[in-house]
Amino acid sequence: MQTTLGRTGDYGVRAVLDVARAHGVGRRKTREIAGAMNIPVRYLSQILALLVRADILTATAGPSGGYELARTPDDLTLLDVVEAVEGPVSLDRCVVRGIPCSSDGICAVHDAWSAAQDAMVDRLRDTTFAELVARDRELRADSG
């Protein structure tokens, strides 16, 4: 069972966390984000474009340009970012039969699996980037 993000989701969350760290301070360049978060620049450009299209980031061209949050870290959730880059977080295939989940009723596992998925989605929805930045700062202070 996979409960981790795909590479796009992982890099998307990392990129937004880096930009959120700089909220209110200034814009972040692609190369700065890539270097700080260990993301390949070419792949990051594609992810940043998805985040701009989803109104999570804004992009400004030019020498003083870069990326910044389109809203405050308090108004941006982990679920927003994950769904922007990976699509909806949902169980779309029956765990037992491997067919689309609602195409022919539900299976014995459906209720338990759906409840677990709902709990995960709720947690992602309840986790803001303000909280993640604060936790990131705590962890950096503890390790430094």
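Only helical DSSP H runs with n ≥ 4 go in: add -39500 (n - 2.57) per run for the chain, normalise by residue count and round the 222 nm mean residue ellipticity to 500 deg cm²/dmol.
The helix contribution divided over the chain gives -17000 deg cm²/dmol.
Can you work out the FRET efficiency for the pair Ser90 and Ala112, with r the C-beta to C-beta distance and R0 = 22 Å, to the nearest 0.05?
In this case the efficiency is close to 0.90.
Under a 5 Å amide H to amide H cut-off, with H placed in plane at 1.01 Å, what residues pair with Ala70 once short-range neighbours are removed?
Here the answer is Leu57, Thr58, since their amide H atoms fall under 5 Å of that of Ala70.
Between [x] 33, 21, 13; [y] 33, 17, 13; [z] 31, 16, 14, which entry matches semi-axes √(5λ) of the Cα gyration tensor in Å as derived from the coordinates of this structure?
This structure yields the entry labelled [y].
Counting only heavy atoms of the protein chains, get the accessible area per residue of the chain (1.4 Å probe) and round it to a whole Å² value.
Counting only protein heavy atoms, the per-residue value for the chain is 60 Å².
Can you list the trypsin sites (Lys or Arg not before Pro) in region 30-95 that are in a DSSP coil and have 16 or fewer other beta carbons within 10 angstrom?
Here the trypsin sites (Lys or Arg not before Pro) that fit, given the DSSP loop and packing criteria, are Arg71.
Take Ser45 and Arg125, extend 7 Å from each Cα along the Cα→Cβ direction, and tell me the distance between the two endpoints in nm.
3.7
Which percent of the accessible heavy-atom area of the chain goes to carbon and sulfur, probe 1.4 angstrom?
Here it works out to 50 percent.
Have a look at Pro40, Pro73, Pro63 and tell me which one the Gaussian network model of the chain (Cα, springs below 10 Å) gives the largest fluctuation.
Sorting by GNM fluctuation, first place goes to Pro63.
The values are calculated or read from the model by the stated rules, or taken from the named source; none is laboratory data. Remember, it's a predicted structure, so these values are computed and weren't measured experimentally. Neighbour counts run over all protein chains shown; Cβ positions are idealised from the backbone, glycine included. Remember, those area values only see protein heavy atoms, side chains included, never the ligands or the DNA or RNA. Shrake-Rupley method; radii C 1.70, N 1.55, O 1.52, S 1.80 Å.
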